[in-house]
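The values are calculated or read from the model by the stated rules, or taken from the named source; none is laboratory data. Values in this document were obtained by computation on a predicted structure and should not be read as measured data. Here the Cβ positions follow ideal geometry from the backbone for every residue, glycine too, while neighbour counts run over all protein chains shown.
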C-alpha cells in the first residue's frame, strides 16, 4: 500500500479516474492549482493527496460554478485554515502539558478568554 503523499499515478490514470482530459490536469498545473511530482524524465506522477485536491477543484468548478481564480483563493484559504488548526492543536497540547505540570513558564502569560479560546503571549 502506498502512502497518501507518495506520487504513484500517471496522468492518464488520474484523468481516467476523474473522468477528465489529461489536458485539464496540465492546465490546472499551469494555473498553479496542482503541483504533481516529476520523475527524472519529467513524467508527472500524482499522489492520492493530489487526486483528492483535484476532486475538490472539480467539485468547486463543476457543481458550484467557481472560476479558476476563485478556486485558487479558496485553496489558499483552506491551506491557511489547516495551518491555523495545526497551530491551535499545538497550543492546546502545550497548555495541557503546562496544566499537568501546574505552572506556567516565566516567559509566557496565559489568558483564557472563554471556554475554548486560549491566548499565549510570549516575550
Under 9 Å by Cβ, and 6 or more places apart or on different chains, what pairs join a residue from segment 37-50 that is in a strand (DSSP E or B) with one that is exposed (fewer than 11 other Cβ atoms within 10 Å of the Cβ)? 45/39
Picking from 103, 107, 86, which residue would you name as being at pLDDT below 65, farther than 16 Å from residue 28 by Cβ and out of contact with any strand residue (DSSP E or B) (no Cβ under 7 Å at 6 or more places or on another chain)? 103
If we keep just the residues of segment 2-29 that are surrounded by fewer than 15 Cβ atoms within 10 Å (Cβ to Cβ) and assigned to a loop (DSSP other than H, G, I, E, B), which is modelled with the lowest pLDDT? 2
Can you say whether residue 72 is under 23 Å from residue 15 (Cβ atoms) and surrounded by 15 or more Cβ atoms within 10 Å (Cβ to Cβ), as far as the supplied structure shows? yes
Across (1) part of a helix (DSSP H, G or I); (2) modelled with pLDDT of 95 or more, residue 79 clears everything bar (2)
Quick one: would you say residue 32 is surrounded by 10 or more Cβ atoms within 10 Å (Cβ to Cβ) and either on the phi > 0 side of the Ramachandran plot or modelled with pLDDT of 90 or more (or both)? yes
Taking segment 51-69 as the region of interest, how many residues are more than 16 Å from residue 10 (Cα to Cα), outside any loop (DSSP other than H, G, I, E, B) and free of Cβ contacts under 8 Å to residues at least 24 places away in the same chain? 7
Go through (1) in a helix (DSSP H, G or I); (2) at pLDDT 95 or above for residue 92 and report which single condition fails. (2)
